[in-house]
1. What number goes with the only condition from (1) away from every other protein chain (no Cβ under 14 Å); (2) buried (at least 24 other Cβ atoms within 10 Å of the Cβ); (3) on the phi > 0 side of the Ramachandran plot that A:G155 does not pass?
2. Which numbered condition trips up A:N178, out of (1) in contact (Cβ under 8 Å) with a residue 24 or more places away in the chain; (2) within 12 Å of chain B (Cβ to nearest Cβ); (3) over 11 Å from A:V263 (Cβ atoms); (4) out of contact with any Phe, Trp or Tyr (no Cβ under 7 Å at 6 or more places or on another chain)?
3. Of all residues in the stretch B:111-133 being within 13 Å of another protein chain (Cβ to nearest Cβ) and out of contact with any Phe, Trp or Tyr (no Cβ under 8 Å at 6 or more places or on another chain), which is nearest to A:N172 (Cα to Cα)?
4. Would you point out the residue of the stretch A:31-57, among those that are of a type in the set (A, V, I, L, M, F, W, C) and modelled with pLDDT of 80 or more, that is surrounded by the fewest Cβ atoms within 10 Å (Cβ to Cβ)?
5. Could you figure out which of (1) without any contact (Cβ under 8 Å) to a residue 24 or more places away in the chain; (2) closer than 26 Å to A:F14 by Cα isn't true of B:F166?
6. Could you identify the single residue in B:F58, B:F20, B:F87, B:F67 that is touching a residue at least 40 places away in the same chain (Cβ under 8 Å), outside any loop (DSSP other than H, G, I, E, B) and within 11 Å of another protein chain (Cβ to nearest Cβ)?
7. Within the stretch B:90-107, track down each residue that is part of a loop (DSSP other than H, G, I, E, B), touching a residue at least 12 places away in the same chain (Cβ under 8 Å) and either surrounded by fewer than 17 Cβ atoms within 10 Å (Cβ to Cβ) or over 18 Å from the mean Cα position of the chain (by Cα) (or both).
8. Confirm whether B:P27 is closer than 22 Å to B:T162 by Cα and not aliphatic (A, V, I, L, M).
Amino acid sequence: MRNIFLFIRKFSNFLLFLVLQIIALYFLFTYNKFHQAIFMNTAGELTGRVSERYNNVEYYFRLKQTNEALSKQNEHLLNLLRQDYEGADTAARYITDSLKVDSLVKVQRFRYYDAKVVSSFVSMQNNYITIHRGANQGLPRNKEWGVVSPEGIAGRVVSVGDNFSIVMSVLNRQFKVNSMLKKGGETGPVSWDGDNPQYLRLANIPKSAKVAKGDTVLTSNVSDIYPPGIMVGTIAEIVDDKSSNFYILKLKTATNFSALQYVYVLEDLQREEREKLEDPYKKGK
Amino acid sequence: MSTLVKNTLRFILFILVQVFVLQQVPPLHRFITPYVYFLFVIWLPFNTPRGWLMIISFVFGLLLDYFLKTPGLHAAACVLVAYVRPFVIGLLIRQEGDDQNYASPSIVSMGWAPYFTLVLILTLLHNSYLVFLEWMQFGTFWFFLGKVLATTGVSLLLILITELLFFRKEKFRTNTV
């Protein structure tokens, strides 16, 4: 027994070193599972408040870009207004719909929450964005929600705190989203290779597809957190992969991540129903 | 200013500079991430007990991690720097008793060459360990090698500039030995 105590005393520094390393590495490698519980809630509030102070200053330098992005989005939305369209054919016949369900009223699937970005990074390999909206401001907890900027997709919510939430940016090694070419409709996964924050990578586009530089890439119908048709980026470079039948496309991101100031969180109102239906089949795999 | 107040201010300043200046700079290349924050650990006084040195570094690294959303990554690297620091200082100190005659490691107390050898070794160690932990999650060997070298180069340059801008005058305390 005495020897054990002597050993501990002699190597106390080394043991302390080992203990601290183990704690740190435990945090690091279990982050994805337990971050909501141990990491986010109290500390997220603190860092969020500090980042908010900084952002109050930084915000003024980005006003011009933010304004431009918002006005572009407004233009896009105004162009969708029904009052701006005329009926093409006045001789059209109206038929009474015999369905019990009112087919004119559409069921809302996505609800938008606006949120101010208080901190965002592009300089690391796994980048996260902190937004100033949490459970107290109506954001539902414990689900991954899609996040879009006025210009295109921005990320997905990974943790909801009381007043702040953490968003995994598109510029994160773990981020994946299913996307399609606007022209042909071919789908493939979009990810970030950690190289340049302005470019993403779209794989699995068959060589039979017609692709050209500048073509638009949108979120696809099978994406689980985004509505279809949200801008992902435009094709900047087409890499002809000789070893397979697929192209690798380099995309210019639609969102300017270094000047991100406002985002929208998309709550999927039909998520539970969809998961209930899908879960039994997923387990079978 | 007392040592405690000075180091508390440094603690806060280094975190803020690292998070809101160095990490906000648009990356020149994916291999280049300028790290200066661990200079705080190098600047701690000679007579800090080794246990406390590691605990302070752990808290310091973890706070940075909370800002950058990388729990444990910088904390692990900081603790390693803190653990190795006394060994390297023991090797590089100019003459017996210099670590008691002066307050903390600096150009004045250790001399140009030994001090920068210390900084070089610890920077290289810090970056190797940090990128190694990243490499275990993704990346290739060339990612590891390139990033360690490029990041160390940029960090050393920034540390040199910091040392010249904020030159720390160290008093020679004759009555201690």
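1. Among (1) away from every other protein chain (no Cβ under 14 Å); (2) buried (at least 24 other Cβ atoms within 10 Å of the Cβ); (3) on the phi > 0 side of the Ramachandran plot, the lone unmet condition for A:G155 is (1).
2. (2)
3. In the first step, residues of the stretch B:111-133 are kept if they are within 13 Å of another protein chain (Cβ to nearest Cβ); the result is B:129-133.
Adding the requirement that they be out of contact with any Phe, Trp or Tyr (no Cβ under 8 Å at 6 or more places or on another chain) leaves B:129, B:133.
Values: B:Y129: 21, B:L133: 16 Å.
The qualifying residue nearest to A:N172 (Cα to Cα) is B:L133.
4. Step one: list which residues in the stretch A:31-57 are of a type in the set (A, V, I, L, M, F, W, C), which gives A:34, A:37-40, A:43, A:46, A:50, A:57.
Cutting the leftovers down to modelled with pLDDT of 80 or more gives us A:46, A:50, A:57.
Working: A:L46: 13, A:V50: 17, A:V57: 9.
So the residue we want is A:V57.
5. (2)
6. Values: B:F58 fails: touching a residue at least 40 places away in the same chain (Cβ under 8 Å); B:F20 fails: touching a residue at least 40 places away in the same chain (Cβ under 8 Å); B:F87 fails: touching a residue at least 40 places away in the same chain (Cβ under 8 Å).
It is B:F67.
7. Going through the stretch B:90-107, the residues part of a loop (DSSP other than H, G, I, E, B) turn out to be B:93-97, B:102-106.
Subset that is touching a residue at least 12 places away in the same chain (Cβ under 8 Å): B:93-94, B:97, B:102-106.
If the condition is that a residue be part of a loop (DSSP other than H, G, I, E, B), touching a residue at least 12 places away in the same chain (Cβ under 8 Å) and either surrounded by fewer than 17 Cβ atoms within 10 Å (Cβ to Cβ) or over 18 Å from the mean Cα position of the chain (by Cα) (or both), then B:R94, B:G97, B:Y102 are the ones that fit.
8. Working: closer than 22 Å to B:T162 by Cα: yes; not aliphatic (A, V, I, L, M): yes.
When the stated conditions are applied, B:P27 passes them.
The values are calculated or read from the model by the stated rules, or taken from the named source; none is laboratory data. If you're wondering where the values come from, they're calculated on a predicted model, not measured in any experiment. When we count neighbours, we look across all protein chains shown, and the Cβ atoms used for this are built from the backbone with ideal geometry, even at glycine.
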